[in-house]
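I have placed the structure first, in the form of structure tokens, so that the comments after it can refer back to it.
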Amino acid sequence: MLRLPAFELREPRSLAEAVALLSEHGESAQLLAGGTDLVPNMKHELFTPKVVIALAGVPELHGVRVEPDGTLVLGALTTLDALAADARVRARAPALAQAASLVAGPQLRRMGTLGGNVMLDTRCQWYNQTYFWRSALGFCLKKDGTVCHVVAGGANCVAAASNDTAPALMSLDARLVLHGPAGRQELPIEELYTADGIHNKRVRGAILAEVRVPPVPEGHRGAYGKLRERGSIDFPLLGIAARLDLSPAGEVRAAALCAVALQARPLRLRKAVQPLLGQRTGTPGLAAAIDAAAELAHKQCHPLDNVPGEAEYRREMVPVYVRRTLRAALDGSGPVHHV
Amino acid sequence: MRVLELEVNGDRQEVAAPAHWSLLEVLRYRLGLTGSKQGCDKGDCGACTVLLEGQPVLACLTLAALCAGKRVTTIEGLMPAHLRAGGTGPDPVQAAFDRCGALQCGFCQPGMMLSARALLDANPSPSRAEIRAALAGNLCRCTGYTQILQAVELCIAEAAGSEPAAPAWAPGQNPWKAPCGNGDGRT
Amino acid sequence: MSARDVHGPAPPWSEGFRVVGRAQRKIDGLAKATGAALYTDDLVLPGMLHAKILRSTQAHARIRAIDAAAALALPGVHAVVTGRDMPVKYGVIPWTPDENALALDKVRFVGDEVAAVAAVDEDTANAALKLIRVDYEPLRAFLDPEEALATPEPQIHEQTPEQKAKEPRGNVSKHVRLEFGEVDAALAGSDVAVEGDYEFHGTTHTPIEPHCALAQYGADGVLTVWSSTQITHYVQKALARVLGLPEARVRVIQPCLGGAFGGKSDPFALEFVVAKLAMLTGRPVKCLWTREEVFYAHRGRHPMKLRYRTAAKRDGTLTAVDARILIDGGSYSSFGLVTTYYSGQLLTGPYHFPTYRFDSTRVFTNKPPCGPKRGHGSVQPRFAFEVQLDELAEKLGLDPLELRRRNFQGEHVKTVNGQRVTSNGFLQCLEAVERASRWKERRGRLGRGRGLGLAGSMYISGTNYPVYPNPMPQAGVQLKLDRSGLVTVFTGGNDIGQGSNTIARTIVAEELGLDPADVRVVAADTDLCPVDLGAYSSRVTFMVGNALIDACRKARAKLVTALAENWKVAPERIAFALGRATDRADPARSLDMRAVLQLAEARFDTLGETGAYNTPQLGGDYRGGTIGASPAYSFTAHVVEVTVDEETGRITVENCWIAHDCGRALNPMLVAGQIEGSAYMGIAEALLEDHGVNRFGLHRGPSLLDYRIPTSLDTPELHALIVESLDPEGPYGAKEAGEGPLHPSIPAISNAVHDAVGVRLRRLPFTPARVLAELRAARAEPRGARAAVLSAGGGEAC
């Protein structure tokens, strides 16, 4: 059996205790939520922490609630399964519920958490391998090595953000509440991610406590589209979250398109949504605008050969998935998935 | 080394294990409950699926130390639980997998049957699509899933008192119409 | 073949079958369902050590030195072994012994085994591996078979200077060229011909149970190895050879096995390693491979590049088939000699070939070694040929089903390459899938994006070529019958999940009139069971089944005699069924079979019988003519229904109808399971799976995350249809069901895609990207111009 490296396990019972443990052990500690990403990564010796801080016993990280203004507050330890099934989430954040419903497979969704997915390590075919495999390769820039194998001679790590919930949360303008030694910090999810595949989070040494999804208007529409090879288990080869906020008359007031599994940072496709604004449902104008958005998205998205699956094909699928996900959002269907 | 207090298949047990041991390792190598299988090492196949508080999870990714005080059910626990509840023989899911030929090499099936058990506990009459979705984290390499789906549907039909669908290979006769005896040919 | 080997398809008693032909539950079903069944890694022996294997980080290198001193010094480490500890070469095929338990002087792929450690626990063993230093001298690595073929040096398997002077072979593993009839003349005289290139990628078995072995070396010098093998007998022979022990001192036991599909047919490094380490340490030693290591062990489907030319008369009658095949063997021979023959020899049915030629070359490359995977050697040529048949049908303007029907070879015929075909239910298979899929009404009429495709195939039920030639039985069994009423079967046959022990119970219960629950089976233990050659080539039901009937008939005669004497009636009046004996002339008179066994034990003394089976002399009278010669062939036809998403290129198989002629279905539920599992595996190879290495020679993704086998959501509705042609030599007329039904899935999908969107997929796997590329190419070029259809010889297409 592939073994876990030895570590010391700590189980804090409060957020303050967890923060204190994290600041005490710093870089030699890893936070464990559902464990579905960290445990395989530890078995691959991508992480060999001295201390693992298991967060399951921290009460502040649990629970879903709706604040009086309609803000949806999701505890970081909400499982993906619970998130996908939660009526409040499905109503207020359909793209998020759909994205959560397509992460990995049934058992992993039951174990994996929203916080874990938001904080997911970037992935790459040259990186997510055993120690033996990586040693035979001579390692890579992201871990133990000096060279990137995705782009020959590449000086930057381009491992891919592979978290389905990230683009959905971005499309919803979600905000993250983090707790660190300096106290509570709140930031838009977009500001969390950087373009550095080695560590694509701007914040270190803090614990994600909750995710806040601002209220959406009455005419909010959202959907998530996921390209992967199998109908289950697989990480995204491409993920597209779409948002359309419609006026009572059916006019697109606001729109968002966000994509994942391209590069280290989940992307917001700002230009691509422009043609959609002001269009009205049921008109040829909107149909044409969706096509235009798909083409603009295609121009903006350049997948690399980081995750398995040919980059050229994944790029070709960008407009297809943008179109389909926008349409699914409009007609209240989705997720866009091949099974 | 920690001493963990686990509740496995209804028994509270103390077991010593290092902190980095998975639940699967503790079940197999400390408690001798080898019915939970190890197929892929790291959460890709579902063979190690056990029920934690009644929910299917992957024992190979679960730290044993974090299961203290939680109910763990392994495949070995299904039949005794069924007997305790006044049933006879194995759990209906186990019996149906056997009757439908779903156990070829049998290696993925403890996990598969626990996923199926949890599905039927939550939803006594899932559609075929729902069954497929619920079992989509358990890889089987032998059956092509057909006899597995038939077994779950046999459970559903018998619980509802209706007739299970006949398979394509038995035109004009239904091998699952009546419950089988003890593995004999007189059904 | 003697009289003991042929029993005919009908029972010799008048009442017909009472157990055979019914959906019997499996003998080990409930043990597996309740978690009680013990697989190799479930076994623990007192004082057991754990072994781990150090693997090569180099694709091709000479080993200059290995320094294991630091590993040996690590507390908890009991022994370290390297290739020098086991220098004797072996190979599953005795003519090509090119493997060492651990690399002796060279490594040949990334993952090749170099050294092994036994330690008190797995963590210590792993830590010790990291302390072993190997000094490599890298050599040029070959990842591409064409490059390896064109480059004789460096040789992946070096010849001695004398060998090289006599017959330099470069990096060729095996070359076979056979021609039957005048192919060139037939081509020249044909009305129409099609020619094309096809490519089959690598795939691997992926049993869910990783390989595992456990060894104990007794103070009495007896070595016992429990292994997840599908061929105990060959493992016993290989262990004896490499470890220098008499075969009688080596006991190999196969516990419950978690899937194999051909991937557990070779002797593997871990079996030698645990044995050697147990001998060195005096402790039991276990080695369980990680999933990654299973991918390095591989022995999976050989990638092949195939060029076919098929010619026909205007009415569709085939006149010539000409094949040229390049086989990528990976780093060792394994079963490669057989693979090379099978790539040509197994294509000559279910259609009549008047002339046939194949030229197959297997080359070594620095990749995980290929070997036998379900449908060994014949799935790849079947893919190419069945796609080409559809191309021919298109050119002739014939329904592909009609083309196949017209070329049906018939029953009881000899093929062009000298193989004897007995029962042949292929036409019934065609009819069954035609009807079930509503082929006539629906093919070509489902609208763009949806289509039906067809393919056929045949496969062997065992082969008369035992891996090592010998005049002894290929299958032997023993029966123990006693006064308790229990009959125990002892068979060397390996139940690898396919249900062969259940079939043994079925046959014995039928023959001796027992309740199946009163028959138990002890299998795959070389100390307890007579020799059987194991679970490969789809041989177990056919051969062990015949051996069992042989043994049972002898036992039955004694039971009948004892009871007839006791009842003072003629033996013809005695009938046995389902646990009771009755008097045919006086049905009110009956006796429990337990009492009958007691009468017989009193009359004949302790009861036991042996039974055996050997194939008849079969095969063509030429070198290699016996390879692929089988006492009976199974036949299959598939129709698949696909949808093609022209925007994403994704193919979805919606339905798969599989009609398989398995002779008599001894247990239709198990037959259906084999049919469905085979079709699933073929569909998976076509659409998802791809086993290969990256540009550095590293496995592209040795995990069940990256090597994607289908989930329940990726598997279509599979409709198993059983055709029973009743073979004259099979046990009750039975033939194989475990491998044949895989073959047509793959070409049938290609043919269905053509029906759906008009493009021909000739390269595997059928990835969405490839489908899109084909669709683009088809749009760019006028219809027909692109099809790789060349006219040959005198004729022009109709």
Which one of C:L149, C:L102, C:L178 is assigned to a loop (DSSP other than H, G, I, E, B), among the aliphatic types (A, V, I, L, M) and under 29 Å from the mean Cα position of the chain (by Cα)?
C:L102
So how many residues does the stretch A:14-55 have that are over 30 Å from C:E292 (Cα atoms) and surrounded by 21 or more Cβ atoms within 10 Å (Cβ to Cβ)?
4
Any residue in the stretch C:247-273 that's over 12 Å from C:K373 (Cα atoms) and away from chain B (no Cβ under 14 Å): show its pairings with residues that are surrounded by 24 or more Cβ atoms within 10 Å (Cβ to Cβ) and among the aromatic types (F, W, Y) at Cβ separation under 6 Å, as long as the two are six or more apart or on different chains.
C:I253/C:W226
Grab the helices (runs of 4 or more DSSP H) fully contained in the stretch C:335-426, keeping just those with 3 or more residues being out of contact with any Lys or Arg (no Cβ under 9 Å at 6 or more places or on another chain) and not hydrophobic (A, V, I, L, M, F, W, C).
C:379-396, C:400-406
For the stretch A:115-141, which positions are within 9 Å of chain C (Cβ to nearest Cβ) and either farther than 23 Å from A:I233 by Cα or basic (K, R) (or both)?
A:F132, A:S135, A:A136, A:L137, A:G138
Within the stretch A:180-198, the residues that are part of a strand (DSSP E or B) and within 23 Å of A:P217 (Cβ to Cβ) are A:E186, A:P188
Report those strands (runs of 3 or more DSSP E) wholly inside the stretch C:450-524 carrying at least 2 residues which are touching a helix residue (DSSP H, G or I) at 6+ places or on another chain (Cβ under 6 Å), in contact (Cβ under 8 Å) with a residue 24 or more places away in the chain and away from chain B (no Cβ under 13 Å).
C:450-460, C:475-481, C:487-491
Restricting to the stretch C:231-278, count the residues that are under 27 Å from C:A36 (Cβ atoms) and of a type in the set (D, E).
1
When every residue in the stretch B:29-44 that is buried (at least 24 other Cβ atoms within 10 Å of the Cβ) and in contact with an Asp or Glu (Cβ under 8 Å, 6 or more places away or on another chain) is compared, the one farthest from the other protein chains (Cβ to nearest Cβ) is B:K37
I'm told C:K52 meets every condition in (1) out of contact with any Phe, Trp or Tyr (no Cβ under 9 Å at 6 or more places or on another chain); (2) not in a strand (DSSP E or B) except one. Can you identify the failing condition by its number?
(2)
Can you spot a residue in the stretch C:319-327 that is touching a His at 6+ places or on another chain (Cβ under 6 Å) and of a type outside the set (S, T, N, Q)?
yes
Among residues of the stretch A:314-339 being within 14 Å of another protein chain (Cβ to nearest Cβ) and free of Cβ contacts under 8 Å to residues at least 40 places away in the same chain, the residue farthest from C:R650 (Cα to Cα) is A:R327
For C:P246, which of the numbered conditions (1) crowded, with 22+ Cβ neighbours inside 10 Å; (2) of a type outside the set (S, T, Y); (3) out of contact with any Leu (no Cβ under 6 Å at 6 or more places or on another chain) fails to hold?
(1)
For A:V177, state whether it is part of a strand (DSSP E or B), under 19 Å from A:K201 (Cα atoms) and among the β-branched types (V, I, T).
yes
The residue that is nearest to the other protein chains (Cβ to nearest Cβ), considering only those in the stretch C:274-302 that are under 16 Å from C:L223 (Cβ atoms), charged (D, E, K, R) and crowded, with 24+ Cβ neighbours inside 10 Å, is C:K286
Residue count, the stretch C:679-707, condition within 8 Å of chain B (Cβ to nearest Cβ), surrounded by 23 or more Cβ atoms within 10 Å (Cβ to Cβ) and either in contact with a helix residue (DSSP H, G or I) (Cβ under 7 Å, 6 or more places away or on another chain) or more than 25 Å from B:A166 (Cβ to Cβ) (or both), comes to 4
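Do we find a residue being outside any helix (DSSP H, G or I), modelled with pLDDT under 95, more than 24 Å from C:H691 (Cβ to Cβ) and more than 14 Å from chain A (Cβ to nearest Cβ) anywhere in the stretch C:764-781?
Yes, the stretch C:764-781 contains at least one residue that is outside any helix (DSSP H, G or I), modelled with pLDDT under 95, more than 24 Å from C:H691 (Cβ to Cβ) and more than 14 Å from chain A (Cβ to nearest Cβ).
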Filter the stretch A:280-307 down to the residues that are outside any helix (DSSP H, G or I) and without any contact (Cβ under 8 Å) to a residue 24 or more places away in the chain and list them by number.
A:T283
Every residue from the stretch B:1-22 that is touching a strand residue (DSSP E or B) at 6+ places or on another chain (Cβ under 7 Å) and not in a strand (DSSP E or B)
B:M1, B:N9, B:A19
Can you confirm whether B:Q173 is closer than 21 Å to C:T34 by Cα and of a type outside the set (G, A, S)?
no
With respect to C:R169, determine if the residue is of a type in the set (D, E, K, R), surrounded by fewer than 18 Cβ atoms within 10 Å (Cβ to Cβ), in contact (Cβ under 8 Å) with a residue 24 or more places away in the chain and part of a loop (DSSP other than H, G, I, E, B).
no
If we scan the stretch C:116-129, do we find a residue that is part of a helix (DSSP H, G or I) and touching a helix residue (DSSP H, G or I) at 6+ places or on another chain (Cβ under 6 Å)?
yes
Could you please tell me which pairs satisfy a Cβ distance under 6 Å, a separation of 6+ or placement on different chains, a first residue in the stretch C:635-651 that is at positive phi, and a second residue that is among the aliphatic types (A, V, I, L, M)?
C:G649/C:V771; C:G649/C:L772
Does A:G112 count as within 14 Å of another protein chain (Cβ to nearest Cβ), within 24 Å of A:P59 (Cα to Cα) and not charged (D, E, K, R)?
yes
In the list C:A188, C:A213, C:A238, which residue meets the criterion of being more than 28 Å from B:C48 (Cβ to Cβ), surrounded by 24 or more Cβ atoms within 10 Å (Cβ to Cβ), aliphatic (A, V, I, L, M) and at pLDDT 95 or above?
C:A238
If C:G189 satisfies all but one of (1) under 27 Å from C:Y356 (Cβ atoms); (2) within 34 Å of the chain's Cα centre (by Cα); (3) small (G, A, S), what's the number of the condition it fails?
(2)
From the option list C:G410, C:G456, single residue qualifying as closer than 30 Å to C:R177 by Cβ and in contact with a Cys (Cβ under 8 Å, 6 or more places away or on another chain) is C:G456
Do the conditions hold for A:L9, that is, is it within 14 Å of chain B (Cβ to nearest Cβ), assigned to a loop (DSSP other than H, G, I, E, B) and of a type outside the set (K, R)?
no
Taking the stretch C:1-15 and keeping only residues that are surrounded by 15 or more Cβ atoms within 10 Å (Cβ to Cβ) and outside any loop (DSSP other than H, G, I, E, B), one is left with C:R4, C:D5
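The values are calculated or read from the model by the stated rules, or taken from the named source; none is laboratory data. Since we're looking at a predicted model, the values are computed, not measured. Neighbour counts run over all protein chains shown; Cβ positions are idealised from the backbone, glycine included.
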